[in-house]
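Here's the structure, in structure tokens; my notes come after.
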Amino acid sequence: MAVNAKKIAVYAVVVFALYVIITDPRTAADYVLIGFQGISDAAGALGDFATWVAKGGK
């Protein structure tokens, strides 16, 4: 039963993403930009943390 719910959720997200892309591509592009900015910020934070750990936590 959980597998079916997961498939339905994935299909719903894909359909919603396609709907947004087709109906309002400019807003969809903004969402992609926000997503990539978040990934970039997270990678930078992980790099800062790794540097901090490598220096002995000081």
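The values are calculated or read from the model by the stated rules, or taken from the named source; none is laboratory data. Bear in mind the structure is a predicted one, so any value in this text is a computation, not a measurement. Cβ coordinates were reconstructed from backbone atoms using ideal geometry, including for glycine residues, and neighbour counts include every protein chain displayed. Areas reflect the complete protein model, heavy atoms only, side chains present, ligands, DNA and RNA absent. Shrake-Rupley method; radii C 1.70, N 1.55, O 1.52, S 1.80 Å.
If the Cβ limit is 8 Å and pairs must be 6+ apart or interchain, which residue in the stretch 28-52 that is within 21 Å of Phe16 (Cβ to Cβ) pairs with which residue that is modelled with pLDDT under 95 and in a helix (DSSP H, G or I)?
Ala28/Ala17; Ala28/Val20; Ala28/Ile21; Tyr31/Val20
Let me confirm something: among Ala54, Ala50, Ala9, which residue is of a type outside the set (Phe, Trp, Tyr) and within 21 Å of the chain's Cα centre (by Cα)?
Ala9
In this structure, is Lys58 open to solvent by 70 Å² or more (accessible area, probe 1.4 Å), among the charged types (D, E, K, R) and not in a helix (DSSP H, G or I)?
Criteria met by Lys58.
Somewhere in the stretch 25-35, is a residue modelled with pLDDT under 90, open to solvent by less than 90 Å² (accessible area, probe 1.4 Å) and among the hydroxyl-bearing types (Ser, Thr, Tyr)?
yes
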